[in-house]
Amino acid sequence: MQTWAITGGIACGKSTVSKLFAECGAMLASADEDARAVLAEGEPTRAAVWEAFGTIDRAELAAKIFGDAEARKRLNAIMHPAIRQRMRTVIDTAQADSTVGLLLYEVPLLFEGGLEAWFQGVVAVAASPQTQLTRLKARGLSEAAAQQRLAAQLDPEEKVRRADFVVRTDITLAETKLSVQAIYQAILQSVKTPI
């Protein structure tokens, strides 16, 4: 099975595009889900985050880290090893499977974390900065909070430049879906079945 990453800036539409790939037949995994799992009751990471920040609430953590680069680095240093361990297990299991297919792993901070070599390819999801801002504000963020989140990530155009395929989401959903279907077929057609 091929293992590919899907990445993109915040509010670019990664979750929507992932679901469209799933409709095509791809299996999905998510680093965000892994992050939630390592903060579950009884996990050592949960205790370490609580000790460092006094909370494990995602919204409270976001408020503390997006305006403070040092706090963000501290949180990442606590959480990323456990998240990477979970990811490595999922990827190794998928790559050992000789079935023709695709595991698509949603990894928002793929390039920032230097994880692109873990995958056979990368799909970037992109939208205009104005679309991202509009979507973040629709989620209830203030303009300032939205701008903080946008500034905290690698420029989405850099992600586009480094990807194998790009899916735009500032077009109609029907056009995005056609793009996903074409990319899915292109990925599967490059599969080399083991002898």
* **Angle between the chain longest axis and helix 14-24 axis [Cα atoms, degrees, rounded to 10]** => 30 degrees
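If you put +1 on each Lys and Arg Cβ and -1 on each Asp and Glu Cβ, how big is the dipole of the range 2-189 around its Cα centre, in Debye rounded to 20?
On the way: 21 positive and 23 negative charges, 45 e Å.
The calculation lands at about 220 debye.
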* **Between helix 129-138 and the chain: long-axis angle, C-alpha atoms, 0 to 90°, nearest 10** => 60 degrees
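Where does the charge balance sit around Pro108 when Lys and Arg score +1, Asp and Glu -1, over other residues with C-beta under 9 Å from its C-beta?
Values: positive: Lys14; negative: Asp32, Glu106, Glu112.
Value of the local net charge: -2.
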* Structure fact -> Under a Gaussian network model of the chain whose springs join Cα atoms within less than 10 Å, the largest fluctuation of Ser142, Ser30, Ser15 belongs to Ser142
* Anisotropy class of the range 43-114 from Cα gyration tensor, a/c 1.5 cut -> prolate
* Structure fact -> With Cα coordinates, the longest principal axis of the chain makes an angle with the long axis of helix 173-189, in degrees rounded to 10, of 60 degrees
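Given axes a ≥ b ≥ c from the Cα gyration tensor, I'd like to know whether the range 1-54 is rounded (a/c under 1.5), prolate (a/b larger than b/c) or oblate. Intermediate results must be reported in sequence, preceding the final value.
Details: a/c = 3.35, a/b = 2.14, b/c = 1.57.
Note, shape of the range 1-54 comes out prolate.
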* Which lysines have a Cα less than 24 Å from the Cα of Lys177, not counting those fewer than 8 places away in the same chain? -> Lys14, Lys19, Lys159
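No value in this document is a laboratory result; all are computed from the given coordinates. Just so we're clear, the structure is a prediction, and the values are computed from it rather than from any experiment. With ideal geometry, Cβ positions are generated from the backbone for all residues, glycine too; neighbour counts draw on all protein chains shown.
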